[in-house]
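Trainee: Got a structure for you, questions after.
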């Protein structure tokens, strides 16, 4: 008689979590191994880090060269980030493209994503159980791969540049204010594209260097300097407005929300070692993404 191991209650939890920012044509690579996230399941059991806590989960993937059955293999390693928080950490997604050097913060719904309750296997048959208050929420995406063929390439790429967005108003003090402005000075035959740091660059020297490198002509020196000064003024104004908006937000924040932000924890789960999948124990790292920063704990 063939033996089928009993299904664990949260066994498919990691698979239900959408791996945000993974290229569509690489999704099959993620699921080619029988990854085991029993550490994530155990965290919800009594004595585990997430037991009886309200948790929001999202997935990500990390390309790594790892060993499997004696061979080095390029692998898309799945990881699951658990955010312990009484409310959704954010309803927004950051879209960042290295090529275009742009950043867009949009609503999750615009990218067909949302936090949805996760129903454990044993409760899926019962309508009553399904309606009970859930404590596990997963970032889900309703965009189907089959629908991509009707979509413009630019829109498809947007999904691949997505990062779960998070903003903690209490951590603003730890972040260095941005003092760099991107300059695109429109002149013929070739526009001047550069970055100017008003803390470290001296405008006269900076402009002379561009003239010396033949990026800018002498007769454009003063108009260029005026253009940079205006960009710096705009950036300083934006910094000031962001600071004031944050002060207002903190002043109006109730004690409950303040406590939730202060007690928020991020846990990053990697698959445990099994003979069915590559061993990822040597490539684990706490970094989540540019918005979330590092995990409080890596498991």
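Trainee: Would you mind putting 42-52, 233-243, 270-280 in packing order, based on average other-beta-carbon counts within 10 Å, highest first?
Mentor: Result, highest mean first: 270-280, 42-52, 233-243.
Trainee: Oh, and also: Under the classification rounded if a/c is under 1.5, otherwise prolate if a/b is larger than b/c and oblate if not, where does the stretch 1-97 fall, given a ≥ b ≥ c as square roots of the Cα gyration tensor eigenvalues?
Mentor: Oblate, since a/c reaches 1.5 and b/c is not below a/b.
Trainee: Between residue 160 and residue 252, what is 0.36 nm times their sequence separation minus the Cα-Cα distance? Round to one decimal in nm.
Mentor: Computed gain between residue 160 and residue 252 is 29.5 nm.
Trainee: Okay, next question. Who wins for biggest fluctuation among 142, 54, 207 in a Gaussian network model of the chain, springs between alpha carbons below 10 Å?
Mentor: 207
Trainee: Related question: Between residue 238 and residue 123, what length in nm is gained on full extension when 0.36 nm per residue of separation is reduced by their alpha carbon distance?
Mentor: Full extension of this stretch gives 36.5 nm more.
Trainee: What distance in nm separates the simple spin-label points at residue 87 and residue 168, each placed 7 Å from Cα in the Cβ direction?
Mentor: With each label placed 7 Å out from Cα toward Cβ, I get 1.7 nm.
Trainee: Turning to a different aspect of this structure: Using a Gaussian network model on the chain with a 10 Å cutoff between Cα atoms, which of 283, 81, 20 fluctuates the most?
Mentor: In the Gaussian network model the winner is 283.
Trainee: Which three extents, in whole angstrom, do the alpha-carbon atoms of the chain cover along their principal axes, largest first?
Mentor: Principal-axis extents of the Cα atoms in the chain, largest first: 88, 52, 40 Å.
Trainee: Gap in Å between the Cα centre of the stretch 247-299 and the Cα centre of the stretch 39-74?
Mentor: Cα centres, the stretch 39-74 to the stretch 247-299: 12 Å.
Trainee: Pull out a ≥ b ≥ c, the square roots of the eigenvalues of the alpha-carbon gyration tensor of the stretch 180-252, then state rounded if a/c is under 1.5, prolate if not and a/b is larger than b/c, and oblate in the remaining case.
Mentor: It comes out prolate by the Cα gyration axes.
Trainee: Place the peptides 186-193, 68-75 in order of packing, highest mean first, counting for every residue the other Cβ atoms within 10 Å and averaging per peptide.
Mentor: 68-75, 186-193
Trainee: Run the paramagnetic zone check for residue 283: 7 angstrom along Cα to Cβ, then residues of the stretch 58-75 with backbone nitrogen under 16 Å.
Mentor: Only 60-75 fall inside the zone, counting backbone N under 16 Å.
Bear in mind these aren't lab numbers, they're just calculated from the coordinates by the rules spelled out. As the structure is a computational prediction, the values presented were derived from the model and not from experiment. Counting neighbours? That spans all protein chains shown, and the Cβs are built from the backbone with ideal geometry, glycine included.
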